[in-house]
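Inspection log for the structure reproduced underneath, given as structure tokens.
Each value in this text was obtained by applying a stated rule to the coordinates, not by laboratory testing. Because the structure is predicted, anything quoted here is derived from the model rather than measured. Note: ideal-geometry Cβ built from the backbone for every residue, glycine included; neighbour counts use all protein chains shown.
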Amino acid sequence: MMAARRGSVAGGSGGSPSRASTAGGSGGSPSRASTAGGSGGSPSRASTVAALQTALAAEQAASYGYGVVGAHLTGTAFSIASADCVLHERARDALTRLITSLGATPRAAAAAYKLPIGVSSAADAARLAVDLEVEVVASYVDLAAVPDPRLRTLAAKNMQNAYVRAARWGAKSRPFPGLAP
Amino acid sequence: MAEPTRRLMLAVAAAGSLGLAGCKGIAALGPLPKPSPDVRTLEHAIAAEELMVATYRAAAGQLAATASAGVKGQRLSAAVSAIQAEHQAHLTRLRARLVLPPRLAHTKFLAGRPSPLPADSQGIIGALVADERAAAARLTSELLHAPPALAQLMASIAASEAAHVIYLRRAGSP
């Protein structure tokens, strides 16, 4: 009887990296469409490409959204928004290269995005920045589960950076950013 | 650091059962089971959160005893209490991921005692900021060895802890 394992981790060590698979209640957003962005290849490659595409879409949206944020700000706040926008553009470009390196086609950005809130003041702009950053955090959760350790690290660091920016823009603290409450 | 305690708990539990059964000793059962790497990763994360909760509890008590009255003192205490609650939430969710045999289900992971905090409120905030940064970095490193779902949870907690730095500094600003 002592040969039994001392314990185990709910959620298992294998399986899909999708947030819907986080058994044990870590939460997660509704599962995303299974669009690998490439044809053929292993399941892990397909899930990796899908996770990269998800993050790319959020970075594209944030790059667009910060244009709106900056348009309603002046002074130091404008400078911070501009710097944050550049960070998202760099992340977007890096994700694009990663997807290409895996032999897949990066999804093109939309010509325009429907913003989650109307923006007509500096306070609105800060709220939009919070929304954009929180969405970026969530978009990397799938990538934090892929087998490639470099991509896991990238995901974790980008989640931290985005949530720190969200906090700076006034986000209310949450214990599990990117995951369902 | 939690390992000897857990092993000890297991040994004690097993020895107790043997005593009741009139057996010769734990050696009759063979070697103690070793935890899988997944379990060790989770145990480390749990131990680290236990230490963080204990550190915040100490900080809250110290601030209550020493912080100057007034808006800033109240703001600091409120921020520390709110962040302590988030660390407790981290701990609860991490513990829920560890599936233990029933007799070990209430085992407490002893991560050690929190380091002494500075005497003044700014020093306390500085120490907590350093702890949060270290915790986020440690999780970022350790999630590489976690199963996918746990890695996602650890990444989320690391993001939460990285942002705590902002909330602490804001609360500690003049």
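Amide hydrogen proximity for B:Val99: with H placed 1.01 Å from N in the peptide plane, the residues at 5 or more positions away or on another chain lying under 5 Å are A:Ser8, A:Val9, A:Ala10.
Taking a straight Cα-Cα cut-off under 16 Å and skipping sequence neighbours fewer than 8 places away in the same chain, the aspartates and glutamates within cross-link reach of B:Lys34 are B:Glu3, B:Glu43. Between A:Lys114 and B:Ala130, the simple label model (points 7 Å from Cα in the Cβ direction) yields a spacing of 5.0 nm.
Please label the shape of segment A:87-181 as rounded, prolate or oblate, based on the square roots a ≥ b ≥ c of the eigenvalues of the alpha-carbon gyration tensor (a/c under 1.5 means rounded; beyond that, a/b larger than b/c means prolate, else oblate). Walk me through the intermediate numbers first.
On the way: a/c = 2.39, a/b = 1.39, b/c = 1.71.
Here segment A:87-181 falls in the oblate category.
Going by the alpha-carbon gyration tensor, a ≥ b ≥ c the square roots of its eigenvalues, is segment B:35-172 rounded (a/c under 1.5) or, if a/c is not under 1.5, prolate (a/b greater than b/c) versus oblate? Prolate is the answer for segment B:35-172, as a/c is 1.5 or above and a/b outweighs b/c. Working note: Karplus 6.51/-1.76/1.60 with θ = phi - 60° gives segment A:172-179 the couplings 6, 5, 10, x, 10, x, x, 10 Hz, where Gly and Pro are set to x. Here segment A:40-118 and segment A:151-181 have alpha carbon centers that stand 15 Å from each other. Computed from backbone phi, the HN-Hα couplings of segment A:103-108 come to x, 10, 9, x, 5, 6 Hz, rounded to whole numbers (Karplus: 6.51 cos²θ - 1.76 cosθ + 1.60, θ = phi - 60°; Gly and Pro given as x).
Between B:Ala85 and B:Ser173, residue separation times 0.36 nm minus the direct Cα-Cα distance comes to 29.5 nm. Look at the stretch B:160-173: the mean tally of other chain Cβ atoms within 10 Å of its residues' Cβ atoms is 5. For the peptide A:143-156, the mean number of other protein chain Cβ atoms found within 10 angstrom of a residue's Cβ is 5. Peptides A:100-110, A:138-148, A:64-74 ranked from most to least packed, by the mean per-residue count of other Cβ atoms within 10 Å: A:138-148, A:64-74, A:100-110. Label-to-label distance for B:Ser141 and B:Ala78 is 3.7 nm, based on points extended 7 Å past Cα in the beta-carbon direction.
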